[in-house]
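Worksheet for the structure shown next.
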């Protein structure tokens, strides 16, 4: 491959390449391989950076370990922010009470977000900073805060973060993304997520040379002025139609299996969804929504149908609107969304974490669980797939996301390795409105967005039962991508390049 400036200009055999480009700087891969760089189509930069440098609750095994971790981490005069607990994976599912959190916190304000970031355990000291939390929907005097009460608490925590702390977190996030072969991220910001000051600082930091691209979305209705002020791609991302399954706030048609009195939360109805779609379509902006439950998806599809009556199918499809997560959807709904050229920004590691006979999905939904995250069906109906992490909900590890998409818990719902890889590269660019047919691939004329990977430890079995290292040589009868079977180590990034400029080098 030959690169001039920021563009791939030639791909072919080694000998002719050297003859066509005499005097070029030669980079010998020495057994490594080059591939299109990844796009993460759903991230939360500051929250991820804080998680990378703060208390990690993803590894605690029960409430006692969580309380011990809080006791060790609290500091006088500081708000403790931690993330990642998931009681469905604990040896005992009992969640610590407010009184137990208070005792461990020793009077400090504490905010402990659940893995899906749609509920949180908090201390009384944190609640005292925002008294209106006690009167909000989702308030609990003992257990996790959900819905509006959680949004109030999260805003309080966000206000407690200093500009210097935010800068360190965002810098850590961008560096971490580059270290994992990611050249572009879709930041899903909004008034209930991060705030305008946070978004302003992130865009300024990403504009510095040598940073991954940040494609920014703002999840709020009636905010076209803000979108134009910041040059945003759209009013999309985490504009909530509903919540999350783990927190019992995803909107369902039928009650939760483990909470038969609840069908979750619905924050927007079809008319509000349609109004937002029309506003964005007429303003030349991409619209989009966070939607997970089948009740929420039903509202979204109805919203598109209502909007089509106002602006027409062609205008609606021309904007390439998008949906985040889209976990519970049937074939008929998928075909309708494909007709409106909707992109599905999805997270394959959700299935890896919560799918299967004994996973959280089965606990929450019973026999409905195997139908979740139907990647193959969506791709077959023509919905554009764009994969990401929803970091910090799952880590910035794109090869693991590709692996999860291949090895779906439900037979027939997974993708081929090539289709999964494309969804994490070209699909991400396309979901952000780049539909030139080249970006995200290594072909002449494409932007030079690529990563170099160490595959020295990767082996595959050949047809004659021998074992050999992965190779880019098609004569070796090796698949076009490295093996991603369970247990096989993922490739390690050696270099990440965006537009011909190196972002990371090991």
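Rule-based calculations on the coordinates, nothing more; no lab input. The shown structure was predicted, so the numbers you read here are calculated from the model rather than taken from an experiment. Cβ atoms come from the backbone with ideal geometry, glycine included; neighbour counts cover every protein chain shown.
Pairs of Cα atoms nearer than 8 Å and 6+ residues apart set the relative contact order; for the chain it is 17 percent.
The ranking of 7, 496, 279 from fewest to most other beta carbons within 10 Å of each one's beta carbon is 7, 279, 496.
Each of residue 331 and residue 505 was given a label point 7 Å from its Cα along the Cα-to-Cβ line. The distance between the two points is 5.2 nm. Helical runs assigned H by DSSP (4 residues or longer) give the chain a calculated mean residue ellipticity at 222 nm of -10000 deg cm²/dmol, each run adding -39500 (n - 2.57) before division by the residue total.
On a full-extension model of 0.36 nm per residue, what is the gain between residue 443 and residue 380, subtracting their alpha-carbon distance, rounded to one decimal in nm?
Details: separation 63, 0.36 × 63 = 22.68 nm, distance 2.52 nm.
Extra length from residue 443 to residue 380 when fully extended: 20.2 nm.
Spin-label pair residue 314-residue 19: with each label point 7 Å from Cα along the Cα-Cβ axis, the two points sit 4.9 nm from one another. The antiparallel fraction among DSSP beta bridges confined to segment 11-144 stands at about 30%.
Taking 0.36 nm per residue of sequence separation and subtracting the Cα-Cα distance, how much length would be gained by fully extending the chain between residue 257 and residue 9, in nm to one decimal?
Values: separation 248, 0.36 × 248 = 89.28 nm, distance 5.56 nm.
So the extension gain works out to 83.7 nm.
Seen against the Cα atoms of the chain and their longest principal axis, helix 147-160 is set at about 70 degrees. Spin-label model, residue 221/residue 164: points 7 Å from Cα along the beta carbon direction are separated by 4.2 nm.
Computed over segment 291-404, relative contact order equals 27 percent, with contacts defined as Cα pairs under 8 Å that lie 6+ residues apart. Structural size metrics of segment 249-354, computed from C-alpha coordinates, are Rg and Dmax of 14.1, 43 Å.
Report the relative contact order of segment 1-76, percent, no decimals, based on alpha-carbon pairs under 8 angstrom and at least 6 residues apart. Don't skip to the end; give the middle numbers.
Values: 22 pairs, mean separation 9.8, N = 76.
Dividing the mean separation by the residue count of segment 1-76 yields 13 percent.
For segment 45-160, what does the alpha-carbon gyration tensor say about shape, rounded, prolate or oblate, given a ≥ b ≥ c as the root eigenvalues, a/c under 1.5 as rounded, and a/b over b/c as prolate? Here segment 45-160 falls in the rounded category.
The length gained by stretching the chain between residue 229 and residue 97 to full extension, at 0.36 nm per residue less their Cα-Cα distance, is 43.2 nm. For residue 106 and residue 128, a Förster radius of 25 Å and the Cβ-Cβ distance give a FRET efficiency of 0.95, rounded to the nearest 0.05.
Taking the longest Cα principal axis of the chain as reference, the axis of helix 63-73 is set at about 80 degrees. Relative to the longest principal axis of the Cα atoms of the chain, the long axis of helix 196-206 makes an angle of roughly 20 degrees. Out of all DSSP beta bridges in the chain, what portion is antiparallel? Express it as a percent rounded to 5. Close to 45 percent.
What do you get when you divide the Cα radius of gyration of the chain by 2.2 N^0.38 Å, with N the number of residues?
Details: Rg = 23.0 Å, N = 506, 2.2 N^0.38 = 23.4 Å.
Cα Rg divided by the expected 2.2 N^0.38 Å: 0.98.
Rounded, prolate or oblate: which one fits segment 102-165, using the alpha carbon gyration tensor with axes a ≥ b ≥ c (rounded when a/c is under 1.5, else prolate when a/b beats b/c, else oblate)?
On the way: a/c = 1.41, a/b = 1.18, b/c = 1.19.
It is rounded, given that a/c, with a ≥ b ≥ c, falls under 1.5.
Reported value for segment 163-431: 121 Å³ per residue, from the convex hull of its C-alpha atoms.
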